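Participant: Sharing a structure, written as structure tokens. Questions coming.
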Amino acid sequence: MKLADAVTEFVAYRRALGMRFDTEARVLASFCRCLGDVSIASVTSDHIKTYLDGGIPISSYWQRKHSALAGLYRFVVARDHTIISPFPFNRPQLPPPFVPYIYSSAELKRLLDATPAACGRRVPFDAYVLRNLILLSYGACLRPGEGRHLTMKDVNLDQALLYIRVSKFYKTRLVPLGRDLTTALNQYVQQRNLTYAYDPDAPFFCFQDGRMLSKSAVGSAFRRLRIVAGIERRDGARYQPRLQDLRHTGVTHRLVAWYRNGTDVQRLLPQLSTYLGHVDLSSTQRYLTLTPELMHEASLRFERYAMETHHD
């Protein structure tokens, strides 16, 4: 059996179980391109190791490739497409988990103020589009793709609601908007509709020709914006601050505000998990980056609790 045929069968099987499986499918397609038109039985441990290592430093992406290939070989061995799995058993030492960058309030302001300078003639969308995409990504704690894929009918500003359709894990959810963010988006819509068609299926954020923004174009513009705004990591991390870090920042700032307001954070965490579109609280924990500010507020909360006098 050809490697490509085995991959096609495996991907179809996983999607039939209700999984999106897009990232894994891209990894396996890359593996097929790397090895060429070969049979599954001719793949060796060296082939797999070479692909996994990839000639670059070991990162979390290595783990993603490892997981996809391990699943493939469990599948093909169980169906007798190959007799023995050549999958390597030993794993290298992986780097520590990636820590997202948490923007300060001052840095967020610098990003917003720098959008005109970052969106020049070669950028195929307007500065106010990028500015409001950043506002929404932070204010509603959206994944980058969720903001880009919004249509006009998905944004109900009269009721201050976003309708996020079939996002990660095939989940659809309603996201309420705060008053200030709703006001900003109303101003954005008024400006947008002077140039672009107000069609229910039209993209909420679009290129100058009316098409939906692409991941690559937004990523390039944001990298340029970050440089113009003078924001960079100095902690030796592999990645510089990213657009998706706005989601982490929004969550962290919300937790800090809850602590300062004396809110019952434990009671609200399940609601926050639903708001973010997570399947469980363990997924939300990845977003609870322990910044000095958050640690300070949590410590104050514990100190107040510890100093309370309890009477029978």
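Participant: Here is a list: THR151, THR182. Which entry is in contact with a Leu (Cβ under 8 Å, 6 or more places away or on another chain), among the hydroxyl-bearing types (Ser, Thr, Tyr) and at pLDDT 95 or above?
Facilitator: THR182
Participant: Can you confirm whether the range 73-96 contains a residue that is within 26 Å of the chain's Cα centre (by Cα), assigned to a helix (DSSP H, G or I) and either surrounded by 13 or more Cβ atoms within 10 Å (Cβ to Cβ) or in contact (Cβ under 8 Å) with a residue 60 or more places away in the chain (or both)?
Facilitator: The answer is no, given that none of the residues of the range 73-96 is within 26 Å of the chain's Cα centre (by Cα), assigned to a helix (DSSP H, G or I) and either surrounded by 13 or more Cβ atoms within 10 Å (Cβ to Cβ) or in contact (Cβ under 8 Å) with a residue 60 or more places away in the chain (or both).
Participant: I would also like to ask the following. Give the residues of the range 18-29 that are in contact (Cβ under 8 Å) with a residue 12 or more places away in the chain and either assigned to a helix (DSSP H, G or I) or of a type in the set (Val, Ile, Thr) (or both), sorted by residue number.
Facilitator: Within the range 18-29, THR23, GLU24, ALA25, VAL27, LEU28, ALA29 qualify.
Participant: Which of the residues that make up the range 38-70 are in a helix (DSSP H, G or I), surrounded by 14 or more Cβ atoms within 10 Å (Cβ to Cβ) and touching a Pro at 6+ places or on another chain (Cβ under 7 Å)?
Facilitator: Listed by number, the residues that qualify are ILE48, LYS49.
Participant: Yes or no: the range 225-233 includes at least one residue that is in the same structural domain as ARG131 (by TED's automatic domain parsing), surrounded by 13 or more Cβ atoms within 10 Å (Cβ to Cβ), touching a residue at least 60 places away in the same chain (Cβ under 8 Å) and closer than 17 Å to ARG143 by Cβ.
Facilitator: Checked against the condition, which is being in the same structural domain as ARG131 (by TED's automatic domain parsing), surrounded by 13 or more Cβ atoms within 10 Å (Cβ to Cβ), touching a residue at least 60 places away in the same chain (Cβ under 8 Å) and closer than 17 Å to ARG143 by Cβ, the range 225-233 yields no hits at all.
Participant: Exactly one of (1) exposed (fewer than 14 other Cβ atoms within 10 Å of the Cβ); (2) under 23 Å from GLY120 (Cα atoms); (3) β-branched (Val, Ile, Thr) is unmet by VAL189. Its number?
Facilitator: Failed condition: (1).
Participant: Based on this model, can you work out whether ALA4 counts as more than 23 Å from the chain's Cα centre (by Cα), part of a helix (DSSP H, G or I) and among the small types (Gly, Ala, Ser)?
Facilitator: Yes.
The values are calculated or read from the model by the stated rules, or taken from the named source; none is laboratory data. Keep in mind the model is a prediction, meaning the values are calculated, not measured. We place every Cβ from the backbone using ideal geometry, glycine too, and count neighbours over all the protein chains shown.
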